[in-house]
Amino acid sequence: MKTYYADLQAMQLIQFISMLTGGLLALAAGLTLYRWPVVMWCAAGICGGAALLFSLLFLPLWFRQFSCIVTSSQITRRTGIFFRREQSVRLQTIQFVQIVTGPFDGRCGMNFILLHVYGGRMLLPCLRQEDRIALTEYLRAKGVYHAP
C-alpha cells in the first residue's frame, strides 16, 4: 500500500494566480465603478475577500485533506473539507490511463492522471512528478495501458 499526497508547490502556484486574479478584479472594479464609491468599495472588497478566503483558507484545507491510496487491487482518492469523499476504482476496471501535463508540470506539481474506467473517470490532481511517474509505472506493470 502506497499513499500519495498533493504537491504543495501546486498549491502555492494556485494561491498566487488566485490572489493576482482577485487583485486585478478589485482594480477593474475600482476603475469602472469610480462614479459610485459605495458600489466600487463593495465590489473591490468582495473580489479581494473572496481571493483571500480561497487562497488562505480553502486551498490549504483541501491540499491537506487530499490523498491517493494505491493498494494491490484498487486506487482510492480521498478529498473533502467539510464532508469527506472517497472514490475507489478497482485496477481491473481501468481501461487506460491519460497523463495531463502542461508548462508547469515539472516545477510546480501540476501533474494530473486521468483514469478512464468502465462507466466514468477518476482524476488524480496535483501530484509530484516523481509520484506521477511511479504511479504510471505501477499501473503499466499491472497491465493497464497508457493513452497516447
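The values are calculated or read from the model by the stated rules, or taken from the named source; none is laboratory data. Not measured: the values here are computed from a predicted model. Every residue, glycine as well, gets a Cβ built from its backbone with ideal geometry; the counts of neighbours run over all protein chains shown. Quick note on the areas: whole protein, heavy atoms, side chains included, nothing else; ligands and nucleic acids left out. Shrake-Rupley method; radii C 1.70, N 1.55, O 1.52, S 1.80 Å.
Hey, does the stretch 104-122 have a residue that's surrounded by 16 or more Cβ atoms within 10 Å (Cβ to Cβ), acidic (Asp, Glu), under 18 Å from Tyr4 (Cβ atoms) and in contact (Cβ under 8 Å) with a residue 40 or more places away in the chain? First the steps, then the outcome.
Let us first name the residues in the stretch 104-122 that are surrounded by 16 or more Cβ atoms within 10 Å (Cβ to Cβ), namely 105, 108-113, 115-117, 122.
Subset that is acidic (Asp, Glu): 105.
With the extra rule that they be under 18 Å from Tyr4 (Cβ atoms), the set shrinks to 105.
Then drop every residue that is not in contact (Cβ under 8 Å) with a residue 40 or more places away in the chain, which leaves none.
Among the residues of the stretch 104-122, not one is surrounded by 16 or more Cβ atoms within 10 Å (Cβ to Cβ), acidic (Asp, Glu), under 18 Å from Tyr4 (Cβ atoms) and in contact (Cβ under 8 Å) with a residue 40 or more places away in the chain, which makes the answer no.
Sort through Leu124, Leu139 and tell me the only one that's within 19 Å of Gln87 (Cα to Cα) and in a helix (DSSP H, G or I).
One residue alone meets the criteria, Leu139.
Take the conditions closer than 24 Å to Glu137 by Cβ, open to solvent by 50 Å² or more (accessible area, probe 1.4 Å) and among the β-branched types (Val, Ile, Thr) and apply them to Val100. Does it pass? Before the answer, list the steps.
Values: closer than 24 Å to Glu137 by Cβ: yes; open to solvent by 50 Å² or more (accessible area, probe 1.4 Å): yes; among the β-branched types (Val, Ile, Thr): yes.
Spelling it out, Val100 is indeed closer than 24 Å to Glu137 by Cβ, open to solvent by 50 Å² or more (accessible area, probe 1.4 Å) and among the β-branched types (Val, Ile, Thr).
Looking at this structure, is Ile94 of a type in the set (Val, Ile, Thr), touching a strand residue (DSSP E or B) at 6+ places or on another chain (Cβ under 6 Å), surrounded by 18 or more Cβ atoms within 10 Å (Cβ to Cβ) and more than 23 Å from Phe63 (Cβ to Cβ)? Talk me through it step by step, then tell me what you get.
Details: of a type in the set (Val, Ile, Thr): yes; touching a strand residue (DSSP E or B) at 6+ places or on another chain (Cβ under 6 Å): yes; surrounded by 18 or more Cβ atoms within 10 Å (Cβ to Cβ): yes; more than 23 Å from Phe63 (Cβ to Cβ): yes.
It is true that Ile94 is of a type in the set (Val, Ile, Thr), touching a strand residue (DSSP E or B) at 6+ places or on another chain (Cβ under 6 Å), surrounded by 18 or more Cβ atoms within 10 Å (Cβ to Cβ) and more than 23 Å from Phe63 (Cβ to Cβ).
Kindly indicate whether Tyr5 is within 25 Å of the chain's Cα centre (by Cα) and open to solvent by 40 Å² or more (accessible area, probe 1.4 Å). Give the derivation first.
Working: within 25 Å of the chain's Cα centre (by Cα): yes; open to solvent by 40 Å² or more (accessible area, probe 1.4 Å): yes.
Yes; evaluated as a whole, the condition is true for this residue.
Condition check: surrounded by 11 or more Cβ atoms within 10 Å (Cβ to Cβ), more than 16 Å from the chain's Cα centre (by Cα), over 22 Å from Ile14 (Cβ atoms) and touching a residue at least 60 places away in the same chain (Cβ under 8 Å). Does Tyr145 satisfy that? Write out each step before concluding.
Numbers: surrounded by 11 or more Cβ atoms within 10 Å (Cβ to Cβ): yes; more than 16 Å from the chain's Cα centre (by Cα): yes; over 22 Å from Ile14 (Cβ atoms): yes; touching a residue at least 60 places away in the same chain (Cβ under 8 Å): no.
So Tyr145 does not fit the description; no.
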